[in-house]
Amino acid sequence: MNALETLRDLGVDPKKSLGQNFMTEPAALRRMLDAAEIEPDDVVLEIGPGLGALTDLLAERARRVVAVEIDGRFVPYLRGRYASMPHVEIVLGDILEIDIGHILGADADRYKVAANLPYYITSPILRHLLEGAHPPSLLVVTVQWEVAQRITAAPGAMGLLSVGVQFYGSATIAGKLKPGNFTPAPNVDSAIVQIEAHPDGPPLTGDARDQFFRIARAGFSQPRKQLRNSLAAGLHLAPGDVVDWLGTAGIDPRRRAETLSIDDWLAVYQAAEGRIASLNP
Ligand code: SAM
């Protein structure tokens, strides 16, 4: 049965508001699976299994698949589909509200994410996973093409999204997908993005990480301005003090935020000591 027939059978109309564009092209599904590099001992968290097209493939390879679906209309169907596969669990819920540690238990320390994401919440989902207490070791996600370019941008075209993701891992585009790979077809091209977490974890955690992002946010608050102006405005500092600060960091104050690499931002953060109020005085 194809996706349209299954939907008809279930009496379900896809909800645009939940990003329900089902991946129906076998080659696209296969590319996602290949990018996820599933080993027999892997645990995979899938977000939004929908009708189970990707879940089927993950179930063939992984030791355990936990699939979180917000739309209760699919859950009885999915639970029936995997009734004979105890290593596949279907969880009804909103991924943004779910405690990963709770649903994965001991596996929360090492798992992968594979998901054809609902595009309306791509950034919140990435933040929820990467910034949470249990970040995955690898994420393979389908996102809108433009968003994929923003996630994987290099210095010269960086934005808060690329800094926010590349702080946690290296991000690459593993393939471009056309609207016709999905049913119903979305209005946009898509991309499979692979995010591999830094093996030693993110460079900063806790308050230090929050301070790092406070500085980066200030830098991007007026993206067309030079850093000396955007940081001064965003952090309520005198431009002269910012010039001095950036000099200590080895960063030309006339540069724009989009030109800085993660290492450049780390240098700016390191040199900030004592220059800006701490988050938790
Ligand atoms: N995995 C299926 C596929 O590839 O064909 C469906 C992908 S579809 C783009 C997105 C799926 O995410 C839908 O099944 C939708 O109901 C689900 N979804 C949307 N928002 C969600 C959320 N907050 N938490 C969990 N699932 C969500």
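The values are calculated or read from the model by the stated rules, or taken from the named source; none is laboratory data. Predicted, not measured: the structure shown is a model, and the values here were computed from it. When we count neighbours, we look across all protein chains shown, and the Cβ atoms used for this are built from the backbone with ideal geometry, even at glycine.
If a residue has to be surrounded by 15 or more Cβ atoms within 10 Å (Cβ to Cβ) and touching a residue at least 40 places away in the same chain (Cβ under 8 Å) to count, how many in segment 211-226 make the cut? Even if it seems obvious, please write down each step before you answer.
First, the residues of segment 211-226 that are surrounded by 15 or more Cβ atoms within 10 Å (Cβ to Cβ): 211-222, 225-226.
Restricting the remaining residues to those that are touching a residue at least 40 places away in the same chain (Cβ under 8 Å) gives 211-217, 219-220.
Number of matching residues: 9.
Take residues that are of a type outside the set (D, E, K, R), surrounded by 16 or more Cβ atoms within 10 Å (Cβ to Cβ) and not assigned by TED's automatic domain parsing to the domain that holds K16 and tell me which of the helices (runs of 4 or more DSSP H) falling wholly in segment 43-105 contain 3 or more. Break it down stepwise before answering.
On the way: elements: 53-61, 75-81, 100-104.
Once the helices (runs of 4 or more DSSP H) in segment 43-105 are filtered for at least 3 residues that are of a type outside the set (D, E, K, R), surrounded by 16 or more Cβ atoms within 10 Å (Cβ to Cβ) and not assigned by TED's automatic domain parsing to the domain that holds K16, nothing remains.
Do we find a residue being over 19 Å from W265 (Cα atoms), in the same structural domain as S123 (by TED's automatic domain parsing), touching a residue at least 12 places away in the same chain (Cβ under 8 Å) and not basic (K, R) anywhere in segment 163-173? Lay out the reasoning, then the answer.
Pass one, segment 163-173, residues over 19 Å from W265 (Cα atoms): 172-173.
Then drop every residue that is not in the same structural domain as S123 (by TED's automatic domain parsing), which leaves 172-173.
Pick out the ones that are also touching a residue at least 12 places away in the same chain (Cβ under 8 Å) and you get 172-173.
From the residues that got through so far, the ones that are not basic (K, R) too are 172-173.
Yes - at least one qualifying residue is present in segment 163-173.
Any residue at all in segment 11-33 that is loosely packed, with under 14 Cβ neighbours inside 10 Å, assigned to a loop (DSSP other than H, G, I, E, B) and on the phi < 0 side of the Ramachandran plot?
Start the filter on segment 11-33 by keeping residues that are loosely packed, with under 14 Cβ neighbours inside 10 Å, which leaves 11, 13, 15-17, 26-27, 30.
Remaining after also requiring assigned to a loop (DSSP other than H, G, I, E, B): 11, 13, 15.
Adding the requirement that they be on the phi < 0 side of the Ramachandran plot leaves 13, 15.
Yes.
In this structure, does A53 turn out to be more than 7 Å from the ligand (Cβ to nearest atom), under 26 Å from E196 (Cα atoms) and either modelled with pLDDT under 95 or not polar (S, T, N, Q) (or both)?
On the way: more than 7 Å from the ligand (Cβ to nearest atom): no; under 26 Å from E196 (Cα atoms): yes; either modelled with pLDDT under 95 or not polar (S, T, N, Q) (or both): yes.
When the stated conditions are applied, A53 does not pass them.
Quick check, is M158 assigned to a loop (DSSP other than H, G, I, E, B) and either within 30 Å of D264 (Cα to Cα) or among the polar types (S, T, N, Q) (or both)?
Yes.
Could you check segment 92-128 and list, in sequence order, the residues that are of a type in the set (V, I, T) and either within 9 Å of the ligand (Cβ to nearest atom) or under 12 Å from the mean Cα position of the chain (by Cα) (or both)? Walk me through it before giving the result.
Within segment 92-128, the subset of a type in the set (V, I, T) is 95, 98, 100, 103, 113, 121-122, 125.
Matches in segment 92-128: I95, I98, V113, I121, T122, I125.
Only one of D244, D252, D200, D263 is under 20 Å from A157 (Cα atoms), free of Cβ contacts under 8 Å to residues at least 40 places away in the same chain, out of contact with any helix residue (DSSP H, G or I) (no Cβ under 9 Å at 6 or more places or on another chain) and surrounded by fewer than 17 Cβ atoms within 10 Å (Cβ to Cβ); which? Steps first, answer last, please.
Working: D244 fails: under 20 Å from A157 (Cα atoms); D252 fails: out of contact with any helix residue (DSSP H, G or I) (no Cβ under 9 Å at 6 or more places or on another chain); D200 fails: under 20 Å from A157 (Cα atoms).
Among D244, D252, D200, D263, only D263 is under 20 Å from A157 (Cα atoms), free of Cβ contacts under 8 Å to residues at least 40 places away in the same chain, out of contact with any helix residue (DSSP H, G or I) (no Cβ under 9 Å at 6 or more places or on another chain) and surrounded by fewer than 17 Cβ atoms within 10 Å (Cβ to Cβ).
P40 fails exactly one of the following numbered conditions: (1) within 8 Å of the ligand (Cβ to nearest atom); (2) of a type outside the set (A, V, I, L, M); (3) in a loop (DSSP other than H, G, I, E, B). What is the number of that condition?
Of (1) within 8 Å of the ligand (Cβ to nearest atom); (2) of a type outside the set (A, V, I, L, M); (3) in a loop (DSSP other than H, G, I, E, B), only one is false for P40: (1).
Kindly indicate whether S170 is over 30 Å from S17 (Cβ atoms), surrounded by fewer than 17 Cβ atoms within 10 Å (Cβ to Cβ) and modelled with pLDDT of 95 or more.
Yes; evaluated as a whole, the condition is true for this residue.
Determine which member of the set V163, V91, V141 is modelled with pLDDT of 95 or more and within 21 Å of E37 (Cα to Cα).
Working: V163 fails: within 21 Å of E37 (Cα to Cα); V91 fails: within 21 Å of E37 (Cα to Cα).
The unique qualifying residue is V141.
Would you mind telling me which numbered condition in (1) without any contact (Cβ under 8 Å) to a residue 60 or more places away in the chain; (2) in contact with a strand residue (DSSP E or B) (Cβ under 8 Å, 6 or more places away or on another chain) A36 fails?
Checking A36 against (1) without any contact (Cβ under 8 Å) to a residue 60 or more places away in the chain; (2) in contact with a strand residue (DSSP E or B) (Cβ under 8 Å, 6 or more places away or on another chain), the one that fails is (1).
Search segment 70-85 for residues being more than 7 Å from the ligand (Cβ to nearest atom) and aromatic (F, W, Y), and hand back the single one that is nearest to E39 (Cα to Cα). Quick ask: steps written out before the conclusion?
First, pick out the residues of segment 70-85 that are more than 7 Å from the ligand (Cβ to nearest atom): 72-73, 75-85.
Imposing the further condition that a residue be aromatic (F, W, Y) reduces the set to 77, 82.
Numbers: Y77: 27, Y82: 20 Å.
The residue in question is Y82.
Given A67, A3, which one is within 13 Å of the ligand (Cβ to nearest atom) and at pLDDT below 95? I'd like the intermediate steps shown before the answer.
Numbers: A67 fails: at pLDDT below 95.
After applying the criteria, what remains is A3.
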